[in-house]
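Comments concern the structure below.
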Amino acid sequence: MTRIAVINQDKCRPDKCGQVCYKYCPSVRAGKETITFDPPSNKAVIHESLCSGIAICVKKCPFHCITIVNLPEDFDKEVTHRYSINGFKLHRLPMPKIGQVIGLVGQNGSGKSTTLNILQGTLKPNLGRFDNPPEWDDIIENYRGTEIQSYFQKLADKELKTILKPQNVDKLPRVVKGNVSDLIKKVDEKGIQDEVKEIFSLSKVWNRDISKLSGGELQRMAIAASIVQEADVYLFDEPTSYLDVKERVKISQYINEMKSPKQTLIVVEHDLAMLDYLSDQIHMYYGEAGAYGIVSHPYSVREGINIFLDGYIPSENMRFRPEPIIFKKTSFEDKYTSHRIAIKYGDMTMDFDTFSLSSKGGELYKGEVIGIIGPNGIGKTTFVKMLAGELEPTTISEPLELLVQTSTTEEDKSEISLGIRNEHREKLTVSYKPQYLYTESEKTVEEYMREINPVMLTSGWHKSEIVNPLKFAKLLDSQLCELSGGELQKVSIAACLGNSKANLFLLDEPSAYISSEDRVNVAKVIKRVVSHYGMPALVVEHDVMMLNFASDRLIVFDGKPGEIGKSGRIGSLQLGMNDFLRKMNITFRQDPRTLRPRVNKKDSQLDKKQKAEGKYFVAA
């Protein structure tokens, strides 16, 4: 096992820290030039061959830019790519297989996007020789005798056409102009635009400007634009983000049916139920986020996902997570314990030019989490924005008010009437994490957090219950505009839940762009925070297991997507989940070993049996 320190040079500021890493490094004191400073960039450089890995520099660095890496020595011979002397290092690659769907799963920052860029051909693997990158002949020779040798040979000879469906579809409107039909027609090489228009439910947005699309609509458009093109290799980076359950199953089924003796399909997916549903084999990614990533050998889907949840790879004797991810046995009993009303809101409507929403009023109890589920384009985000005060409803039932119970004792139960209109909103503090998180702000994460809550980063409770579980302490010196989708998501969730003055927490799709294990952590954090503050939270979510894990009760949205939306009243989790899945015509079960959710194949024996019994989600 090799134990060394690596440094993130983007965060390194030796002129502001007094070069403490150099002063306290025991190897430097022993006369070794372990740490030097590059004159042109004035950045610290750790010479890994001399580093003893004692970790004093990690503790002394005020900018959290140094990380200790424990790496098996054998992996030094399997370096695929490295960005710089102390930059991120990827070990191994997944093996593309013609006629199969290869699934990739792992922690954010472990190299999945780097892998897709290499397989697409936009990034040439340097085998760790960043200062003297090899040519294609050397790269192909390095992988001699493996399945990827012929892949790289064809890539070098430009005999492979690759298509990548990007991860951050919410950024597409900034780079792609025009309407949906113009884009699809422009790239359609198979002549199947009418087919994808129907399959991906694009009819209603066919002539709509791309800048006006929702997250789910952008996702469906991006996938459709990818598959209408002729290619040898299709790469899908998180194809189910922003999609509802029915759309996720439909997309997964379509990708699986794309398999042919001439094509290779590779999918990065964090929804384990969908990864299970669409893949033939999977590779796991593990390591230290931003420092190094290792690609496992291929496994069958069920075995691979169970190994990933265990956090231990027996064949490599490698534990990559201290504890396994454990799914609890599903219970649909009403889980909330408080019946003290925190917030009341009335029936509301919202009318747009082509869409109208009507929502039933309800009562939110102290310390409970209300899940919100329904198809895309049905008004869930509009509903949340009305509660957040970002949209003023067209009508609101009598009385035209929200009621907030401000008392903290049984003796004092006074209620204050608060208008829902924006001019009165300052009386009700709502903490809102929106669906789209794009920002050009150059503020650091630390500056942003201190604006939200001055004690957020110093309070022991906030650190133990929010900062540490969401794993973003190392991002504090990074600018918001530099964060990846998953990093920005976790920072935004922390900022929402860290607002200790909030009367109501609203989180719109908190699982987007974050890994499977982080989704479990997010659900736990939400539960603990609302319980601690004694205030309610509403969570819009499409990941069924995360929603079930976090929610006490449920609001189900229904209607005609893009035209009419309506919400039912807040109801029990059992009735709500069954009602929703019945309308989706989808059944779920739990894996008997890990209790993870698994989608039943359409018209399978289990699918038919559960539908006949009216049980659309069955516990193991």
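For region 487-515, give me the residue count where each residue is open to solvent by 10 Å² or more (accessible area, probe 1.4 Å) and either part of a helix (DSSP H, G or I) or among the hydrophobic types (A, V, I, L, M, F, W, C) (or both).
Summing the residues that are open to solvent by 10 Å² or more (accessible area, probe 1.4 Å) and either part of a helix (DSSP H, G or I) or among the hydrophobic types (A, V, I, L, M, F, W, C) (or both) in region 487-515 gives 4.
Checking PRO324 against (1) modelled with pLDDT under 85; (2) open to solvent by 20 Å² or more (accessible area, probe 1.4 Å); (3) in a loop (DSSP other than H, G, I, E, B); (4) touching an Asp or Glu at 6+ places or on another chain (Cβ under 8 Å), which test does it fail?
That leaves (1) as the condition not met.
I need the full set of residues from region 443-486 which are out of contact with any helix residue (DSSP H, G or I) (no Cβ under 6 Å at 6 or more places or on another chain), of a type in the set (D, E, K, R), open to solvent by 60 Å² or more (accessible area, probe 1.4 Å) and at negative phi, in order please.
Within region 443-486, GLU447, ARG450, GLU451, LYS463, LYS474, GLU482 meet the criteria.
Look through region 571-592, keep the residues that are part of a strand (DSSP E or B) and in contact (Cβ under 8 Å) with a residue 60 or more places away in the chain, and return whichever of them is surrounded by the most Cβ atoms within 10 Å (Cβ to Cβ). Write out each step before concluding.
Here is the first cut: in region 571-592, the residues part of a strand (DSSP E or B) are 571-572, 588-590.
Filter again for in contact (Cβ under 8 Å) with a residue 60 or more places away in the chain, leaving 572, 588, 590.
On the way: SER572: 15, PHE588: 24, GLN590: 19.
Filtering region 571-592 for residues that are part of a strand (DSSP E or B) and in contact (Cβ under 8 Å) with a residue 60 or more places away in the chain, the one surrounded by the most Cβ atoms within 10 Å (Cβ to Cβ) comes out as PHE588.
Out of region 265-298, which residues are open to solvent by 40 Å² or more (accessible area, probe 1.4 Å) and in a loop (DSSP other than H, G, I, E, B)?
Across region 265-298, the qualifying residues are ASP280, ALA289, GLY290, HIS297, PRO298.
Restricting attention to region 342-374, which residues are touching a residue at least 60 places away in the same chain (Cβ under 8 Å), in a loop (DSSP other than H, G, I, E, B) and either closer than 23 Å to ILE526 by Cβ or open to solvent by 40 Å² or more (accessible area, probe 1.4 Å) (or both)?
THR354, LYS360, LYS366, GLY367, GLU368, GLY374
Quick one: ARG129 ticks every box in (1) at pLDDT 90 or above; (2) in a helix (DSSP H, G or I); (3) over 24 Å from the mean Cα position of the chain (by Cα) except a single one, so which number is it?
Of the numbered conditions (1) at pLDDT 90 or above; (2) in a helix (DSSP H, G or I); (3) over 24 Å from the mean Cα position of the chain (by Cα), the odd one out for ARG129 is (2).
Among the candidates LYS250, LYS262, LYS246, which residue alone is among the charged types (D, E, K, R), assigned to a loop (DSSP other than H, G, I, E, B) and either more than 21 Å from TYR513 (Cα to Cα) or open to solvent by 10 Å² or more (accessible area, probe 1.4 Å) (or both)?
Working: LYS250 fails: assigned to a loop (DSSP other than H, G, I, E, B); LYS246 fails: assigned to a loop (DSSP other than H, G, I, E, B).
On inspection, the qualifying residue turns out to be LYS262.
Being among the aromatic types (Phe, Trp, Tyr) and modelled with pLDDT under 85 is the filter here; which residues of region 332-385 pass it?
Initial filter on region 332-385 (among the aromatic types (Phe, Trp, Tyr)): 332, 336, 345, 352, 355, 365, 383.
Correct list: PHE332, TYR336.
Among the residues that make up region 196-213, is at least one of them of a type in the set (Asp, Glu), under 21 Å from VAL268 (Cβ atoms), open to solvent by 10 Å² or more (accessible area, probe 1.4 Å) and outside any loop (DSSP other than H, G, I, E, B)? Reasoning before the result, please.
Step one: list which residues in region 196-213 are of a type in the set (Asp, Glu), which gives 198, 209.
Those left that are additionally under 21 Å from VAL268 (Cβ atoms): none.
Among the residues of region 196-213, not one is of a type in the set (Asp, Glu), under 21 Å from VAL268 (Cβ atoms), open to solvent by 10 Å² or more (accessible area, probe 1.4 Å) and outside any loop (DSSP other than H, G, I, E, B), which makes the answer no.
Looking at region 89-105, which of the residues that are part of a loop (DSSP other than H, G, I, E, B) and closer than 23 Å to TYR254 by Cβ is nearest to the chain's Cα centre (by Cα)? If you could, list the steps in order and put the result at the bottom.
Quick first cut of region 89-105, residues part of a loop (DSSP other than H, G, I, E, B) only: 92-100.
Then keep just the ones that are closer than 23 Å to TYR254 by Cβ; that gives 94, 96-100.
Working: PRO94: 21, PRO96: 24, LYS97: 26, ILE98: 28, GLY99: 28, GLN100: 25 Å.
So, considering only residues that are part of a loop (DSSP other than H, G, I, E, B) and closer than 23 Å to TYR254 by Cβ, the one nearest to the chain's Cα centre (by Cα) is PRO94.
Restricting the search to region 549-567, which residues are more than 15 Å from MET350 (Cα to Cα), out of contact with any Gly (no Cβ under 7 Å at 6 or more places or on another chain) and part of a loop (DSSP other than H, G, I, E, B)?
ASP552
Take LEU595 and decide whether it is outside any strand (DSSP E or B) and over 16 Å from ASP276 (Cβ atoms). Break it down stepwise before answering.
Details: outside any strand (DSSP E or B): yes; over 16 Å from ASP276 (Cβ atoms): no.
So LEU595 does not fit the description; no.
Is there any pair with a first residue in region 533-544 that is over 19 Å from GLN219 (Cα atoms) and a second that is assigned to a loop (DSSP other than H, G, I, E, B) and open to solvent by 10 Å² or more (accessible area, probe 1.4 Å) whose Cβ atoms are under 6 Å apart and which are 6 or more apart or on different chains, and what are they?
Every condition considered, the pairs that remain are GLY534/LYS366; GLY534/GLY367; MET535/ASN503.
Within region 122-138, is even one residue buried (at least 17 other Cβ atoms within 10 Å of the Cβ) and at positive phi? Reasoning before the result, please.
So in region 122-138, the residues buried (at least 17 other Cβ atoms within 10 Å of the Cβ) come out as 124-128.
Remaining after also requiring at positive phi: 127-128.
Yes, because at least one residue in region 122-138 is buried (at least 17 other Cβ atoms within 10 Å of the Cβ) and at positive phi.
Quick check on my filter: what residues within region 425-442 are surrounded by 18 or more Cβ atoms within 10 Å (Cβ to Cβ) and either of a type in the set (Ser, Thr, Tyr) or in a loop (DSSP other than H, G, I, E, B) (or both)?
Applying the first criterion (surrounded by 18 or more Cβ atoms within 10 Å (Cβ to Cβ)) to region 425-442 yields 428, 430-433, 435, 437.
LEU428, SER431, TYR432, GLN435, LEU437, listed by residue number.
Select, from PRO239, PRO261, the only residue that is within 18 Å of GLN120 (Cα to Cα) and in contact (Cβ under 8 Å) with a residue 60 or more places away in the chain.
Numbers: PRO261 fails: within 18 Å of GLN120 (Cα to Cα).
Every option except PRO239 fails the conditions.
Tell me whether region 529-545 contains one or more residues that are within 30 Å of ALA494 (Cβ to Cβ), at pLDDT below 85 and either surrounded by 19 or more Cβ atoms within 10 Å (Cβ to Cβ) or within 25 Å of the chain's Cα centre (by Cα) (or both).
Kept after step one, since they are within 30 Å of ALA494 (Cβ to Cβ), are these residues of region 529-545: 529-545.
With at pLDDT below 85 added as a condition, the list becomes 544-545.
Going one step further and asking which of them are either surrounded by 19 or more Cβ atoms within 10 Å (Cβ to Cβ) or within 25 Å of the chain's Cα centre (by Cα) (or both), we end up with 544-545.
Among the residues of region 529-545, at least one is within 30 Å of ALA494 (Cβ to Cβ), at pLDDT below 85 and either surrounded by 19 or more Cβ atoms within 10 Å (Cβ to Cβ) or within 25 Å of the chain's Cα centre (by Cα) (or both), which makes the answer yes.
Would you pick out the residues in region 460-483 that are in a loop (DSSP other than H, G, I, E, B) and either aromatic (Phe, Trp, Tyr) or at pLDDT 90 or above (or both)?
Here is the first cut: in region 460-483, the residues in a loop (DSSP other than H, G, I, E, B) are 471-472, 476-478, 483.
Residue satisfying the conditions is PHE472 alone.
Taking only pairs six or more apart or across chains, which ones have beta-carbon atoms under 9 Å, a first residue in region 604-617 that is touching a residue at least 40 places away in the same chain (Cβ under 8 Å) and within 19 Å of GLN574 (Cβ to Cβ), and a second residue that is small (Gly, Ala, Ser) and open to solvent by 30 Å² or more (accessible area, probe 1.4 Å)?
none
So which of ASN86, ASN117, ASN108 ends up being under 24 Å from the mean Cα position of the chain (by Cα), outside any strand (DSSP E or B) and within 25 Å of THR444 (Cα to Cα)?
Numbers: ASN86 fails: under 24 Å from the mean Cα position of the chain (by Cα); ASN117 fails: within 25 Å of THR444 (Cα to Cα).
Checking each option against the conditions leaves just ASN108.
Among (1) in contact (Cβ under 8 Å) with a residue 60 or more places away in the chain; (2) among the acidic types (Asp, Glu); (3) open to solvent by less than 50 Å² (accessible area, probe 1.4 Å), which single condition is GLU316 missing?
Unmet for GLU316, out of (1) in contact (Cβ under 8 Å) with a residue 60 or more places away in the chain; (2) among the acidic types (Asp, Glu); (3) open to solvent by less than 50 Å² (accessible area, probe 1.4 Å): (1).
Pick out the one residue from ARG569, ARG553 that is in contact with a Ser or Thr (Cβ under 9 Å, 6 or more places away or on another chain), basic (Lys, Arg) and more than 19 Å from ASP244 (Cβ to Cβ). Spell out how you get there, then give the answer.
Numbers: ARG569 fails: in contact with a Ser or Thr (Cβ under 9 Å, 6 or more places away or on another chain).
Residue meeting the stated conditions: ARG553.
The values are calculated or read from the model by the stated rules, or taken from the named source; none is laboratory data. Every value quoted in this text rests on a predicted model; they were computed, and no experiment measured them. No Cβ is skipped: glycine too gets one built from the backbone with ideal geometry, and neighbour counts run over all protein chains shown. Areas reflect the complete protein model, heavy atoms only, side chains present, ligands, DNA and RNA absent. Shrake-Rupley method; radii C 1.70, N 1.55, O 1.52, S 1.80 Å.
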